Amino acid sequence: MPGRNFLFIPGPTTVPQRIRNAMAIEQEDMRSTDFPKFTLSLFADLKKIFKTETGRVFIFPSSGTGAWEAAVTNTLSPGDKVLMSGFGHFSNLWIDLCQRHALDVQALEVEWGKGVPVEKYADILAADKKHEIKAVFATQNETATGVASDIAGVRKAMDACKHPALLFVDGVSSVASIDFRMDEWGVDLCVSGSQKGFMLPTGLGLVCASQKALAARKEARLYRTFFSFDDMITANDNGFFPYTPATILMRGLRESVNMLLEEGLENVFARHNRMANAVRAAVEAWGMKTIAREPRWYSDTVTAVATPEGFDGNEVVRHAYKYYNLALSVSLSKIAGKAFRIGHLGDLNEMMVLTPIAGAEMAMKDLGLPVKLGSGVAAAQEYLRSTAKPRF
Ligand SMILES: *Cc1c(COP(=O)(O)O)cnc(C)c1O
């Protein structure tokens with residue numbers, strides 16, 4: 001079949017040619033004498049992406065879920081009380097992971113379309129005078145609903161009552177796309193993965209840990225072997241790994257970090273915001289709504305578009321794939337069928353972001369949704385024109 005498949009799901013994302021070229025290489029000896037030269041500078045530059053000077057980055061050959069498991073098992077003990085909130089597929093999976101590790105989970109149920117309930121966190125933490133809560137969890141970007149949360153606000157709530165709990169952040173679909181500040185926001189553990197903002201294939205789980213999180217591992221009694229920070233630190237300090245690292249993916253990560261730093265993180269964030277605004281302009285022009293309830297919850301990496309009553313959002317996804325070779329993303333769990341998602345993160349520019357908008361319009365029109373062809377595209381075009389800047 002001529003032409004290409006257009007992938008607009010919130011991970012895996014399109015892998016740019018530069019990164020594909022960087023990975024089209026021979027296998028290498030991960031114990032060679034010059035391997036540390038590569039890894040140590042990669043670790044150093046990854047710290048810039050997480051915006052940390054004092055923290056430490058781990059690279060596991062796993063998906064983002066493995067990074068979650070590493071963050072939890074290295075810093076907590078069975079029975080530890082943790083404060084969490086669930087408002088979508090991924091934040092709920094994180095709750096499940098903590099429950100399965102026998103943590104004492106206080107999980108606040110939040111309406112899907114909203115994010116971390118910062119005010120409720122503040123009340124609960126202030127009432128916890130004995131500091132029984134050992135960790136506070138926040139999903140910065142809930143990929144299932146297209147909802148972003150206020151991590152700086154969570155830190156503020158913790159500081160207001162001088163609460164010493166560790167702050168865990170799921171940054172799988174936000175780091176390298178949406179502003180994230182490890183040190184400034186006092187985040188203790190941030191997890192991410194390779195196949196979203198980093199524009200790589202799936203296969204690397206990234207964890208950034210603060211000094212406080214690293215110290216917590218001395219007391220933490222959950223079991224860990226594959227995900228042991230201790231083993232990683234011993235080997236990583238010399239530029240090596242305790243077991244075979246995913247060297248090809250790490251060479252790709254090197255190129256990804258180069259691209260992000262060349263563009264400049266603030267420019268990367270601004271570009272994602274602009275692409276997201278274009279998609280949101282289209283949704284408004286269709287006369288439809290996002291699952292995200294209010295602008296404060298808007299995600300700059302993924303938009304979940306609510307389909308009108310009587311129309312199945314996942315049918316739109318199936319139709320677009322079958323007829324137009326366009327991969328939009330299905331809605332999951334509680335909102336399954338009630339929406340479809342457009343991923344707009346990673347390697348993305350103006351012409352690219354018009355593609356899922358045009359394709360979604362065609363699929364929706366085919367399926368009888370009350371959408372005027374060209375309306376979303378025109379709104380996005382107007383927005384992109386009015387905010388365009390010369391490239392050189
Ligand atoms: C994708 C994602 C995950 C899961 O990561 P995997 O790489 O699929 O294991 C977790 N949290 C969020 C917010 C995600 O978007």
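The values are calculated or read from the model by the stated rules, or taken from the named source; none is laboratory data. Just so we're clear, the structure is a prediction, and the values are computed from it rather than from any experiment. Cβ sites come from the backbone with ideal geometry, for glycine too, and all protein chains shown count toward neighbours. Just the protein is used for accessible areas: all its heavy atoms, side chains included, with ligands, DNA and RNA removed. Shrake-Rupley method; radii C 1.70, N 1.55, O 1.52, S 1.80 Å.
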### Message
Please compute the per residue accessible area over the stretch 264-386 with all protein chains in place, 1.4 Å probe, rounded to a whole number of Å².
### Response
44
### Nearby lysines by direct alpha-carbon distance to residue 51 (threshold 21 angstrom, same-chain neighbours under 8 apart not counted)
156, 196, 212
### Task
Could you let me know the centre-to-centre spacing of the stretch 291-317 and the stretch 127-190, using Cα atoms, in angstrom?
24
### Query
Can you put 375, 256, 63 in order of accessible area, largest first, using a 1.4 Å probe?
63, 375, 256
#### Entry: Largest to smallest accessible area among 124, 151 [probe 1.4 Å]
124, 151
### Message
Just want to confirm a number: the relative contact order over the stretch 171-304, from Cα pairs under 8 angstrom separated by 6+ residues, in percent.
### Response
24
### Dipole in debye (nearest 20) - the chain, about Cα centre, beta carbon charges: Lys, Arg +1; Asp, Glu -1
280
### Value at 222 nm in deg cm²/dmol, rounded to 500, when DSSP H runs of n ≥ 4 in the chain each add -39,500 (n - 2.57)
-12500 deg cm²/dmol
### Message
For the full complex of protein chains and a 1.4 angstrom probe, list 347, 159 by accessible area with the highest value first.
### Response
159, 347
### Message
Per-residue counts of other Cβ atoms within 10 Å, averaged by peptide: what ranking do you get for 196-204, 278-286, 112-120, highest first?
### Response
196-204, 278-286, 112-120
### Task
List the relative contact order of the chain as a percent without decimals, with contacts defined as Cα pairs under 8 Å and 6+ residues apart.
23
### Query
Quick one: accessible area per residue over the stretch 149-244, 1.4 Å probe, rounded to a whole number of Å²?
37
### Task
Working from Cα positions, state the angle (0 to 90°, nearest 10) between the long axis of helix 89-100 and the longest principal axis of the chain.
30
### Task
Return the percentage of antiparallel bridges among DSSP beta bridges fully within the chain, rounded to the nearest 5 %.
50
### Query
Picking from 84, 275, 352, which is most flexible by a Gaussian network model of the chain using Cα springs under 10 Å?
352
### Query
Of all the accessible heavy-atom surface of the chain, with the other protein chains kept in place and a 1.4 Å probe, what percent is carbon and sulfur?
54
#### Entry: Whole-angstrom Cα spans of the chain along principal axes, big to small
60, 54, 36
### Query
How far is helix 247-263 tilted off the main Cα axis of the chain, in degrees rounded to 10, range 0 to 90?
70
### Query
Alpha carbon centre of the stretch 212-226 versus the stretch 3-75: separation in Å?
22
### Query
How big is the shadow of the Cα convex hull of the stretch 44-83, averaged over all directions, in nm²?
4.0
### Query
What order do you get for 164-172, 379-387 when each peptide is scored by the mean count of other beta carbon atoms within 10 Å, highest first?
164-172, 379-387
### Message
At a threshold of 8 angstrom on Cα-Cα distance, excluding pairs fewer than six apart, so keeping six or more, what relative contact order does the stretch 1-137 reach in percent?
### Response
19
### Query
Which length gain, in nm to one decimal place, applies between residue 366 and residue 25 when the Cα-Cα distance is subtracted from 0.36 nm times their residue separation?
118.4 nm
